Every structure is written in C-alpha cells, then in structure tokens.
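Just below is one structure, and these are the notes that go with it.
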Amino acid sequence: MLFGRPRKNPIIIADKKVSDWTYATCGYCSTGCAIEIGKDATGKVVASRAVGNADVNRGKLCLKGMYGHELFNSPGRGETPLLRQHIGQPFAPTHWDHALDHMASEIKRIQGAYGRDAFAVVSTGQILTEEFYTLGKLTRGLIGTNNYDGNTTLCMASAVSGYKRSFGSDGPPGCYEDFEHTHCVMAWGSNLPEQHPIIYWRLKEALEKRKFPLIVVDPRVTMIAQFADIHLPIRPGTDVVLQNALMHVILDEGLQDNAYIAANTTGLEELKAEVANWDPTTAAKVCGIDEDTIRHVARLYANAPAAMHIWTMGINQSTHGSDGVVGLNNLALLTGNIGKPGGTALSITGQCNAMGTREWSSCSGLPGYRALENPEHREEIGKFWNVDPEFFPKKRGLFQTDIFPAIETGQIKGLWLVATNPLTSMPNTARIRKTLEKLEFLVVQDAYADMESNQYAHLYLPAAIWAEKEGTFTNTERRVNVVRQATPPSASCKSDFQIFNELAQRFDPDGNVHFPETPARAFEEMRALSKGRHMDISGMDHDLIEKNRGIQWPYTAAQRDNNEAPLPGGKRLYTEPASFYHGDKRAKLIPLPFIDNNEQPDNQFPFWLNTGRLVEHFHTRTRTGKVGNNNKFSPIPFMEINPDAAAELGVRHQEYVRCVSKRGDAVVMAMLTQRVPRDMVFIPFHFFDCVNRLTLGLLDPHSRQPAFKQQAVRVETIADQIGAARLSRELRTY
Ligand code: SF4
C-alpha cells in the first residue's frame, strides 16, 4: 500500500556532465564559502557546488553561490579595452598596449600639471589579496598618489576605525565557531539570513543544539528579528545611547568583570562618568527602548558565561558608526568577553575580500597593517620594495567619500575605479553624476562594460572575474582561502593582477621595483612581510590553504615547521592577558557622548528612510542582475511601507509610488508590510537610479563612512502626482 503523495512528478536534477571540478572561494560576500566550479568535457563552466569538508560552509551555499557558475558567460562582460576622447562620444575598441600606454601618459600628464595627488584611485573589496598587494605597490611605490582608497569605506570603515580605537589594531577577534560556545548573541543592525545566509545557518545550527538567547537590535523587523527571542526596535541612529544605557545598568548593578578590566583595559573612570548620564529612564526617551527591557537585556548579556556581539551595516553606516563599534567593544571589555570561546565582538564584514583590502591593499597605510604615519614602517616597506621611503606620504590621504568632493572642487582631476560602481553605490548619486562629469580622465576597470559608472569613463579596461584568475580572499573570521583558476579570462580580458603588473612597467621601465610574475609569488612577498606581525601568514601557501579549506591568521612559519595543525591556528585574537596593540598593551574603554546629528523626519518629509540588502542580490547588481535565478526572485526595486501609513496616504499594495527626499526622487513599488514601523520606509540599495538618489550620506567623523540608513523622505501616490501635474498645468495656463 502506498502512503502520501504519489511520485507523479519527481524533481530531477539535470546531469550537467561535469568532467572536472576546480576549488575556489565564493566571490560575493565575506562569509567565505568554499565552492567548486564544474566544467564539462568541452571546458565550459556548467555547475557550482559547495565543498563538504570546508569548515565555513560545511556543504552549503546560498542562492548567489549556487548560481556562481552562471557569471562566466553572463551578458554585459567587457571584451576589449575601450577608449574615447570625450564623454558622450561612442567608445572605440583598442588594444591593451595602447590602452595602458594612454592610461600611464594621462596619469603622468595630470600629476605633472596639478601635482601627484591630483590623480586618485578607488578600488574595491572584490579583487584577490595578491591583486590588492600589487595595486598597493603600484599606487604607493610608483604612481605615488596619496588619494587612494577602497569602496570598503562605504561598508566596513567604521568597524576598522572602532577596532583600532579600542584595541589598537584592526582585525575581528572572534570566529564563527564562537556560536557553538556562546550563551548569548546580540545582533546589531545585522540581518544575517539575507546578508550572510551561511553564517546565519551556523548560528541557527548552534541554537538548535544548545538554546541561548538571541537579541536583535534593529529598527526594522528583519528576517533575523523574526527569529529572535528579544527584538529591540531602536530609533534610527541611537545605538550609542542604548549601549551607554546597557553599560550604565552593568556598572550600576556590579555585573562587570573587575578582574578582566583591571588586567586588560584603561579608561574605566572616564567611561563611568559618561555612562552615569545614561540611566535607562533617560536613554529610553532617546532610543525608544523601554527601561525595563534595557535592564533585562543588560543582565542577560552580562550574566552570560560567554556573550557575543555581531554587527553589520546597521552599526557601521551611521554618523556614529565608529562610536557604535567602540560601544560594542566597551560592552565586551567590561564583561570580559574578548578572546574567549563564545565571547567576542565580531564585525561581520561585507564583501568577499573586504578583509584582504584592509590587510594588504595599502589603501589606508602600508601593507600588513602598517601605518604611513610610522617612520619605521615607511623605512621597512621602502627597503623591501626598493622605493625611497621619502616617496611615501607621511599620513594617509583622502577617504573615498572625500575623494568625490575633492573632484567637485577641482583638487582631483583624474580617477581610476577598480571594480567599484559609485554611480549606484554612493549616496546622493545625482551629485556623483555631476562629479564624474568634471573629471579630465576616468578609467573604469571592471569585468562588466555595462556597469553604470562606465557612462563617464574615458578608458574602459575589461577585467577577468573571480575564478578566471588565481589568488586568495580573507573572510570575516580572518580565514585566508584560495581561489583557483577554473577557466581562462573571457575574450581579451586580463586579470587585475596582470593589468597592475603591465601598468607598473609604464612607470618603471627599468624594473627597479620588482613586481612578481604570478599571484603565488606575490603571496610569498606577503608572507615575508607578515612575519612577526599580528596578522602573520608566514606559515601559509596556496596549496596548504586549499588542503585545509582555508586557514585563519595568524599562522606562523614556526607553527608550520613544528607541524602544528593550521587549525586552530588563529581562531581568536587577544587570548592572552594584556595582548592588545596600544602602547601599554591594554584595550581602551572610551566614553561616547551622543550628538543627535542625523537628518530627522519632519512635516514635509515624515518618514525615516532605511536601506539594506536582499538575499538575491549583491551590491550594485553588476553581477547578480545578470543571473536569471537571482534576478527572477527579485527583479525590481520596491519600498516596504507600514499598512497603517499606507492607508493614511491611500497607497495600495504593489502600487507604484514616488519617494522623495531633499536630494531627489525614486519611483518604487509599494509593498505593505509590518516589517517597518509606521514612520519608516525601507528600500533595498542594489538598484541603479533608485534609493541612492534619495540618500544624504552624512559622514562619520572617524571613519568617513556615510550614514545610508538615517534620512527623511515623503511618499507621493500616483494620484498626488497627477494632481500636482494638473495644478502645474493650470497655473501655467493662468
Ligand atoms: Fe557566497 Fe556569501 Fe552565499 Fe556563501 S553566503 S555562497 S560566500 S554569497
């Protein structure tokens, strides 16, 4: 006898006839999933699959990784370098030698006429670490501009700045395995199931084995908030107030870890003086979380034997982003939750290699977390690269978010964009459009010729994607993992590594500064430079990394020589007492006064505008917009609006509306949902000419990261617009 539904239409997984699998690491988000790319007998890439024995993802991939193989033949890829004299003219194809000669001569012309820093470079978190290292050597050692930054300023700069202020160095101190040891997780502005689905799966698996409280702080009822034990729907931009109130309760009730504080920190008295101002009653009026809940959460967190914070853009993309990170570090330090299993403050990074750029690109300094401000570091790198240390600037130049205003004012005349798309990703894109128009010379280097910023390029360089090349990425938990070349670059594309090397020859024809020929050789240089530093990778090489499915730094040559297993090489940082990177080896407890400086909703613009990600898409959709299954599930921009607010405005579900800020407008489909409160709308940030027409992007004073999540808008219905058009016609007639 048969039970259940007859197997009428069983799901059949098509046999892709894969004859060969290549090991790689997913090239989208910072989770760092190990992935294999399958080719058929003709060499065509036809499939992707997860790697079962990789500790990060343990056989799982999210929607983006699953369709990663579709990127290799996706539409919009560049095929050959393109050149034009003036914006608005059609591009003409050219050959590589001419393109790179022209680029070098334009950079030299601009630097000769206006000074070295008049040419700027903005790179990415997407290319391989060996490529970052090479770009850093080229930019710092040969081109010599100090206006060099990465697009990671839009996502991770506050985390970097906060870690440096608290601990004396960048470097997330925890790891995913901490979920398996923790007794309490607080997730701040981090919608893991949509942003980092596989990290969420690691958290969920830990929760299923061993129950512990999950507390989510987010103004929106995000997917993770729906699974939380406690959701704190905080007023936008007031994280620091809530953090101060939690510390107030902890100190008031004596829940702090006095022994840890005495052995590891400085600044307790100054911190106490500030948090004394933030009793829960006062804080509740500012942050919108009631005082009993503040007390309850403070006790839950501080009494847990090990507790962790995780956070993403909800903290970082704020005018108090760096302070928000310091606040989380303060909480962790007060309760002794750093450097122990399950006790950490773990910034979940954004792009697949945001960590690689932080470690090796020389954007904010010199490679291996060295500082331009430190004469010994300048000397050391100058000697290693064979560059006069006096050639290096003595302090870091402009951040990405300051480079664009410097173009507006004429301080910068030329720009090189490497795998980044500011015309979609930057706040207030109407202003960015005008800014790009002002450039005398813009080079866009990207795998996709149809990416929006290319509209303003004079020169386009077609780059290889991800597994068309070889090198490493570092993920959120400091795990270095390798990408092997699955297939040669398409058409006449070149790897970013090759482009940097060939451009270097135009600046240094005698080869005084050595540029390794292969990524593996570049990795050898990085290993040597890392020796003895806290991000020591001297025990690693590409083969060992692949064999271990990724190795967390630090992993030293001595550990390798002693045959120590790479794991748990660098699971956690700051495991020893007083092992921080300030001069006295202690972490700083830093008081955080609160200044309410966001744009606020008012009568004219009554809604908070919040922005964020969708699980189907990555950043500006340059790639996921081309993949059928990603695009099919999320094809158009939309706006979440609370049903009560919608009813008041007369907006119906799935009706198009116009969302307006002081900067511009965007037409979006209204989705009625209780995920947003009555005074907030949410629009995903992936779509071109959409939400970033509205955003203001006030900058954090420490990190220069923009506040994408706190601005004011109004919503106009189609009827409003018809009425307005009619009124305007009538006025004209009158
Ligand atoms: Fe790739 Fe991130 Fe998805 Fe993993 S979670 S498959 S790294 S996009």
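Descriptive notes on the structure:
- Checking residue 117 against (1) in contact (Cβ under 8 Å) with a residue 60 or more places away in the chain; (2) surrounded by 21 or more Cβ atoms within 10 Å (Cβ to Cβ); (3) farther than 30 Å from residue 616 by Cα, the condition it does not meet: (2)
- Where helices (runs of 4 or more DSSP H) fall wholly inside the stretch 180-231, the ranges with 2 or more residues that are more than 14 Å from the ligand (Cβ to nearest atom), over 22 Å from residue 322 (Cβ atoms) and modelled with pLDDT of 95 or more are 197-209, 223-226.
- Tally, over the stretch 430-450, of residues that are buried (at least 24 other Cβ atoms within 10 Å of the Cβ) and either among the acidic types (Asp, Glu) or modelled with pLDDT under 95 (or both): 1
- Tabulated pairs, the stretch 289-315, first within 24 Å of residue 200 (Cβ to Cβ), second assigned to a helix (DSSP H, G or I) and among the hydroxyl-bearing types (Ser, Thr, Tyr), C-beta under 8 angstrom, 6+ apart or interchain: 307/301; 315/158
- Leading residue by the ranking (nearest to residue 127 (Cα to Cα)) among those in the stretch 414-470 that are under 23 Å from the mean Cα position of the chain (by Cα) and of a type in the set (Lys, Arg): 469
- Residue within the stretch 575-594 that is farther than 30 Å from residue 374 by Cβ and touching a Gly at 6+ places or on another chain (Cβ under 8 Å) present: no
- Residues in the stretch 11-61 that are of a type in the set (Ser, Thr, Tyr) and either within 11 Å of the ligand (Cβ to nearest atom) or closer than 22 Å to residue 474 by Cβ (or both): 22, 23, 25, 28, 30, 31, 48.
- Sole exception among (1) touching a Leu at 6+ places or on another chain (Cβ under 9 Å); (2) over 30 Å from residue 685 (Cα atoms) for residue 483, by number: (2)
- Residue check for residue 700: modelled with pLDDT of 75 or more, crowded, with 22+ Cβ neighbours inside 10 Å and among the acidic types (Asp, Glu): yes
- Restricting the stretch 62-77 to residues that are within 14 Å of the ligand (Cβ to nearest atom) and assigned to a loop (DSSP other than H, G, I, E, B), the residue that is surrounded by the fewest Cβ atoms within 10 Å (Cβ to Cβ) is 67.
- So residue 280, is it under 28 Å from the mean Cα position of the chain (by Cα) and at pLDDT 95 or above: no
- A Cβ distance below 6 Å, combined with a sequence gap of six or more or placement on separate chains, defines the contacts here; from the stretch 50-74, residues that are on the phi > 0 side of the Ramachandran plot reach residues that are within 11 Å of the ligand (Cβ to nearest atom) in the pairs 59/50.
- Count of the stretch 106-145 residues which are part of a loop (DSSP other than H, G, I, E, B) and within 20 Å of residue 350 (Cβ to Cβ): 5
- Residue that is surrounded by the most Cβ atoms within 10 Å (Cβ to Cβ), among those in the stretch 321-360 that are modelled with pLDDT of 95 or more and more than 29 Å from residue 210 (Cβ to Cβ): 321
- The stretch 26-61, residues that are farther than 22 Å from residue 194 by Cβ, in a strand (DSSP E or B) and among the β-branched types (Val, Ile, Thr): 37, 45, 46
- Just so you know, in the stretch 451-483 the residues that are of a type in the set (D, E, K, R) and within 16 Å of the ligand (Cβ to nearest atom) include one that is surrounded by the most Cβ atoms within 10 Å (Cβ to Cβ), and it is 479.
- Some residue of the stretch 161-171 being in a loop (DSSP other than H, G, I, E, B), modelled with pLDDT of 95 or more and touching a strand residue (DSSP E or B) at 6+ places or on another chain (Cβ under 8 Å): yes
- Any hit, the stretch 306-313, residues being surrounded by 24 or more Cβ atoms within 10 Å (Cβ to Cβ) and part of a loop (DSSP other than H, G, I, E, B): yes
- Residues (touching a helix residue (DSSP H, G or I) at 6+ places or on another chain (Cβ under 6 Å) and not small (Gly, Ala, Ser)) located in the stretch 677-705: 678, 683, 685, 688, 692, 693, 699, 700, 702, 704, 705
- Some residue of the stretch 87-97 being within 16 Å of the ligand (Cβ to nearest atom), modelled with pLDDT under 95 and either outside any loop (DSSP other than H, G, I, E, B) or among the small types (Gly, Ala, Ser) (or both): no
The values are calculated or read from the model by the stated rules, or taken from the named source; none is laboratory data. Keep in mind the model is a prediction, meaning the values are calculated, not measured. Please note: Cβ atoms are built from the backbone with ideal geometry, for glycine as well, and neighbour counts cover all protein chains shown.
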